[in-house]
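The values are calculated or read from the model by the stated rules, or taken from the named source; none is laboratory data. Since we're looking at a predicted model, the values are computed, not measured. Here the Cβ is made from the backbone with ideal geometry for all residues, glycine too, and neighbour counts use every protein chain on show. Just so you know, the surface numbers come from the protein's heavy atoms only, side chains and all, with ligands and any DNA or RNA stripped out. Shrake-Rupley method; radii C 1.70, N 1.55, O 1.52, S 1.80 Å.
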Amino acid sequence: MSTARIQPTASALSTTIKHHLRPLRNGVVFTTTPRHLTRHGTKRALSVSMSASASAPPIPFEICVKASVTVPDKLGDCPFCQRVLLTLEEKQLPYDLNLVDLANKPEWFLKINADGKVPVIKLDEKWVADSDIITQALEDKYPEPPLGTPPEKASIGSKIFSTFIGFLKSKDPNDGTEQALLNELSSFNDHLKDNGPFINGKDVSAVDLSLGPKLYHLEIALGHYKNWFIPDSLPYVQSYTKNIFSRDSFIKTRALPEDVIAGWRPKVLA
């Protein structure tokens, strides 16, 4: 067993990482107060302990997320998984991370979620899927710090991801998909100008934790496949992405750029 002490971050986390190797089923697991991992034939547990809020559960949540396809024992490129992990991190709730190879789903994973989709988290001894349901359940049960977004702001930026996908997949530069994305980003820029720096004002909220990972995918995928970047004419969007991407919680839970690129390749080449 090896133990490494990591210096606390700005969020005052005290982190200890422990590695254990023991035979187990297919999968890869990381334990963290943030993280946990499992890979073919062995289970490798990465335990991270940190100062959690007073309402934190006595044992870590168990959560299944997508594994990296480019580097062993790393998080994959699912923005919905990152949304849930961001919520856990922002609330300083401990969790065990099970990295699932979605191209070769292990039987144990299909037994807990027949649909074979991630993220899936164990809440009150029941496995729960869908990032919308999971994040709301966490907010209801662990309301501090509050991440709720007012209903009138909950849909801000909600069309950016779909228009990004349309533009990314487009083979015709004149089909209007780029302009559709620019229109959505421009509307978002206007909102941030009047209400920022985050969607609900000065503090980050659930809607930011949902949109942030999608903008991360947008930035990497469009930059790689189309040499396209958020234009300087949208300075509030640019500032927003910098603020979100530089948060400790985001840095800990973001996918590797090469995974994002690999993840979108089939859609680009289709």
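Taking amide H as placed 1.01 Å from N in the peptide plane, the amide H of K66 sits under 5 Å from that of G76, C78, V100, each at least 5 places away or on another chain. Here the gap between N174 and S162, fully extended at 0.36 nm per residue and compared with their Cα-Cα distance, gives a gain of 2.5 nm. DSSP bridge analysis restricted to region 61-269 gives an antiparallel fraction near 55%, rounded to the nearest 5.
Considering only Cα-Cα distances, which of the following residue pairs are longer than 18 Å: K153/K193; K117/K169; K66/K214; K193/K252; K159/K214? The pairs that break the limit, which is 18 Å between Cα atoms, are K117/K169; K193/K252. Converting phi to 3J(HN,Hα) with the Karplus coefficients 6.51, -1.76 and 1.60 and the offset θ = phi - 60°, region 239-256 yields 5, 4, 4, 4, 5, 5, 5, 8, 5, 4, 4, 6, 4, 5, 10, 6, 7, 5 Hz in sequence order, with x at every glycine or proline. Approximating the spin labels as points 7 Å out from Cα along Cα→Cβ, the E152-to-K267 distance works out to 3.2 nm. If you plug the beta carbon distance of V69 and K141 into 1/(1 + (r/R0)^6) with R0 = 45 Å, you get a FRET efficiency near 0.85. The Kirkwood radius of region 118-168, taken over pairs of alpha-carbon atoms, gives through the Stokes-Einstein law at 20 °C and 1.002 mPa s a diffusion coefficient of 164 µm² s⁻¹. Here each label is just a point 7 Å from Cα along the line to Cβ, and for N227 and S187 those points are 3.1 nm apart.
For region 61-269, with all protein chains in place and a probe radius of 1.4 Å, 50% of the accessible heavy-atom surface sits on carbon or sulfur. In this structure, the amide hydrogen of Y95, modeled 1.01 Å from its nitrogen in the peptide plane, lies closer than 5 angstrom to those of T32, T33, R35, F61, counting only residues at least 5 positions away or on a different chain. Average accessible surface for region 61-269: 46 Å² per residue, computed with a 1.4 Å probe over protein heavy atoms with every protein chain in place.
Rounded, prolate or oblate: pick one for region 61-269, where a ≥ b ≥ c are the square roots of the eigenvalues of its C-alpha gyration tensor, a/c under 1.5 means rounded, and failing that, prolate if a/b is larger than b/c, else oblate.
oblate
Taking a ≥ b ≥ c as the square roots of the Cα gyration tensor eigenvalues, with a/c under 1.5 meaning rounded and otherwise prolate when a/b beats b/c, else oblate, which class fits region 155-270? Judged from the Cα gyration tensor, region 155-270 comes out oblate (a/c at least 1.5, b/c at or above a/b).
Quick check: the distance between the Cα centres of region 184-219 and region 83-127, to the nearest angstrom? First find each Cα centre; the distance between them is then 26 Å. What does the charge add up to near P145, with Lys and Arg as +1, Asp and Glu as -1, over the other residues with Cβ less than 9 Å from its Cβ? Net local charge, P145 excluded: -2. Each peptide in 254-261, 166-173 was scored by the mean count of other Cβ atoms within 10 Å over its residues; highest first, the order is 254-261, 166-173.
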